[in-house]
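All remarks here apply to the structure that follows.
The values are calculated or read from the model by the stated rules, or taken from the named source; none is laboratory data. Note that this is a predicted model, so its numbers are computed, not measured. So basically every Cβ, Gly included, is an ideal-geometry build from the backbone, and we count neighbours across all protein chains shown.
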Amino acid sequence: MIKHNISLLPYNTFGIDVNAKHFASFKTVKDLKQILQFKSLKALPKLILGGGSNLLLTKDFEGLVLKNDIEGIEITKQTSDYALVRAGAGVEWHQLVLYAIENNLGGIENLSLIPGSVGAAPMQNIGAYGVEIKDVFFELEALHIDSLDEVRFTKKRCQFGYRESIFKRQFKDQFIITSVTLKLLKKPKIQISYGAIKDELKSMGILQPNIKNVSDAVIKIRQSKLPDPKKIGNSGSFFKNPIVSIEHFKKLQTKYPKIAHYPISDKDIKLAAGWLIDNAGWKGKVFEGTNGKYGVHKNQALVLVNYGGASGTDIFGLSTQIINDILDKYNITLEREVNVI
Ligand code: FAD
Ligand code: EPU
């Protein structure tokens, strides 16, 4: 059941080849509890793994990697307005989106094609095209790694923020999410306010879109912008979009009139890190690494890429250079979105 000294290359979308000292996968909460009860494994550091699409592995992992394979999607309650849909944490996120669309349940169509597992989705409150999982989140179940208590978290308890939740902060490395329940609508509210979706639907000739149409449009946009991890190693956006004060923004706008920005309150403005990095001249740069090339993607400067064989430290080093340059040029400290291990 427990494997030793195995390569994590097939388990991360950045294509980084490091080893795990111990590795176990589990399909049920009972299996997971059994693994966690092994005396010899108790004191080891643990890494919970879903699809490995938001990770940068910089060294061999000397502890126990726990790969979540809990499957299953079910409707646990429904009314004439909504359905509560519970999915095992190991279900692929996009499979859950397809299930919702097939059953005409609205709310996650804008989150189509985000790689990874259902269990990791609340970790960073996944978001895209104007929607975040928090908008449809009902509850999740998680196992406490030390006490083995099974705990339910409501939306409030998860403390969701922009690419944030309690599981990335206070409760970091303390819980394994085992299931997630979403509240999806039987009369879907179509959300196409995010400009690119409207334009895509127009070019598809669709005037009154349903959730399948919205999903198709999102998939098209994503495929045109983001590199496919099956072809080029990456973890999506490497940095979060920074939030700055209006005063700071105004100074930048005077110097860079074209700066991409989104007002989020009367005091704060969200800037596009991709624009900042692009404008600083990093887009498309390629570097020679330890055993292969890596760099900044040619179509999306927020995505760092491994062309094959680069190490996690090569890519981490590049991210540090970018952070320093962005601080220098715009007086903004970028924060990494990707979990660096
Ligand atoms: P992993 O990479 O396996 O894990 C991520 C973190 O969560 C790790 O710290 C891990 O320990 C922890 N974790 C994983 N599973 C559990 C669990 N069951 N319980 C507790 N902790 C757990 N993200 C967005 O928000 N929006 C996007 O539009 C988006 N686009 C992307 C596009 C591409 C091409 C790629 C490669 C990534 C993109 N991402 C995006 C990032 C990524 O898809 C999400 O963060 C996703 O939720 C990660 O899921 P995963 O299962 O692969 O997580
Ligand atoms: N831009 C550039 N140059 C670039 C990249 C972007 O000028 O190289 C500009 C674009 O023209 C646009 C703005 O920056 O004006 C924003 O770009 P985009 O719409 O591509 O979105 P993003 O801010 O780069 C965010 C999320 C994505 C999510 C998309 C769509 C973050 C960190 N990233 O990207 O999420 O899919 O919006 O909603 O919030 C992820 O988290 O991994 C991820 C891919």
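In region 236-280, the residue that is farthest from the chain's Cα centre (by Cα) out of those that are among the hydroxyl-bearing types (Ser, Thr, Tyr) and within 14 Å of ligand 2 (Cβ to nearest atom) is 256. For beta carbons closer than 6 Å, sequence separation of 6+ or different chains, a first residue in region 291-318 that is within 16 Å of ligand 2 (Cβ to nearest atom) and a second that is of a type in the set (A, V, I, L, M, F, W, C) and assigned to a loop (DSSP other than H, G, I, E, B), the qualifying pairs are 296/282; 297/303; 301/282; 304/238; 305/232; 306/14. The set of residues in region 129-149 being within 16 Å of ligand 2 (Cβ to nearest atom) and among the small types (Gly, Ala, Ser) consists of 130 alone. Taken over region 124-148, the criterion of being more than 9 Å from ligand 1 (Cβ to nearest atom), at positive phi and under 16 Å from the mean Cα position of the chain (by Cα) is satisfied by 130 alone.
Taken together, the residues in region 70-106 that are surrounded by 20 or more Cβ atoms within 10 Å (Cβ to Cβ) and among the polar types (S, T, N, Q) amount to 0. Filtered by the rule that a residue be among the aromatic types (Phe, Trp, Tyr) and within 11 Å of ligand 1 (Cβ to nearest atom), region 154-179 gives 162, 167, 171, 175.
Scanning for something crowded, with 21+ Cβ neighbours inside 10 Å and not hydrophobic (A, V, I, L, M, F, W, C), does region 244-263 turn up at least one residue? Scanning region 244-263, I find no residue that is crowded, with 21+ Cβ neighbours inside 10 Å and not hydrophobic (A, V, I, L, M, F, W, C), so the answer is no.
Tell me yes or no: at least one residue of region 3-19 is surrounded by fewer than 20 Cβ atoms within 10 Å (Cβ to Cβ) and modelled with pLDDT under 95. No: zero hits. Of all residues in region 167-203, which are among the small types (Gly, Ala, Ser), within 16 Å of ligand 2 (Cβ to nearest atom) and touching a Gly at 6+ places or on another chain (Cβ under 8 Å)? Answer for region 167-203, where residues must be among the small types (Gly, Ala, Ser), within 16 Å of ligand 2 (Cβ to nearest atom) and touching a Gly at 6+ places or on another chain (Cβ under 8 Å): just 193. Would you confirm whether or not region 105-128 contains a residue that is touching a Lys or Arg at 6+ places or on another chain (Cβ under 7 Å), away from ligand 2 (no atom under 16 Å from the Cβ) and outside the structural domain of residue 310 (by TED's automatic domain parsing)? Within region 105-128, one or more residues are touching a Lys or Arg at 6+ places or on another chain (Cβ under 7 Å), away from ligand 2 (no atom under 16 Å from the Cβ) and outside the structural domain of residue 310 (by TED's automatic domain parsing). Hey, any hits in region 269-278 for a residue that's over 24 Å from residue 321 (Cβ atoms) and in the same structural domain as residue 335 (by TED's automatic domain parsing)? Within region 269-278, one or more residues are over 24 Å from residue 321 (Cβ atoms) and in the same structural domain as residue 335 (by TED's automatic domain parsing).
Close Cβ contacts (under 7 Å, 6 or more residues apart or on different chains) running from residues in region 135-149 that are closer than 12 Å to residue 33 by Cα to residues that are in a loop (DSSP other than H, G, I, E, B) comprise 144/174; 145/174. Within region 111-125, residues that are of a type in the set (Val, Ile, Thr) reach partners that are near ligand 1 (Cβ under 6 Å from one of its atoms) with beta carbons closer than 6 Å, at six or more positions or on different chains, in the pairs 114/126; 118/89. Scanning region 266-310 for residues that are surrounded by fewer than 21 Cβ atoms within 10 Å (Cβ to Cβ) and hydroxyl-bearing (Ser, Thr, Tyr) gives 290, 307.
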